[in-house]
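So the structure is just underneath, and the comments pick up after that.
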Amino acid sequence: MAREVTQEAFAAAWADGALIVDVREADEYAAGHVPGAQPMTLRTVPVRCGELPTGRPVFVICASGNRSRTAADRMNSLGIDAYSVAGGTGAWARAGRPVAAGSHEHAA
């Protein structure tokens with residue numbers, strides 16, 4: 001079972017420069033994402049996990065927390081210190097936290 005972090009704990013980690021992976025689809029990411037989040041669609045997680053470091057926490061986010069739990073489970077099974085963000089990008093935005101729009105050169 002994936003470990004989850006609260007929005008408050010995630011916001012603190014984000015402020016400290018945490019590594020964030022957004023596992024939503026490219027169009028969802030482009031519509032609005034946590035600033036600094038790296039896109040890695042859920043379907044590409046199994047083949048792209050090797051791009052992630054094993055020596056630092058990885059915060060995985062989606063729209064509401066369902067896909068991020070799945071992705072974090074997979075990452076944890078591969079030795080990555082991954083945490084699913086409870087409530088996802090939706091809760092982040094509803095709390096009035098910053099949201100960036102636009103695509104990213106590594107969207108897949």
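Points to keep in mind about this one:
- Counting 0.36 nm for each residue step from residue 100 to residue 6 and taking away their Cα separation leaves a gain of 31.8 nm.
- Across all Cα pairs in the chain, the calculated P(r) in 5 Å bins from zero up to the longest distance comes to 2, 14, 28, 28, 20, 7, 1 percent per bin.
- Since only 79, 55, 35 are under comparison, the one whose Cα sits farthest along the positive direction of the charge dipole of segment 1-93, derived from C-beta charges on Lys, Arg, Asp and Glu, is 79.
- Computed on the chain, with alpha-carbon pairs under 8 angstrom and 6+ residues apart, the relative contact order is 38 percent.
- Order by protection proxy (mean Cβ within 10 Å, highest first), peptides 95-103, 77-85, 41-49: 77-85, 41-49, 95-103
- Full-extension gain in nm, residue 93 to residue 64, via 0.36 nm per residue minus C-alpha separation: 9.3 nm
Every read-out reported here was derived from the displayed coordinates using simple, explicitly stated rules and does not represent laboratory data. Keep in mind that this is a model prediction, so the values were computed, not measured. Methodologically, a virtual Cβ is constructed for each residue, glycine included, from the backbone with ideal geometry; neighbour enumeration extends over all protein chains shown.
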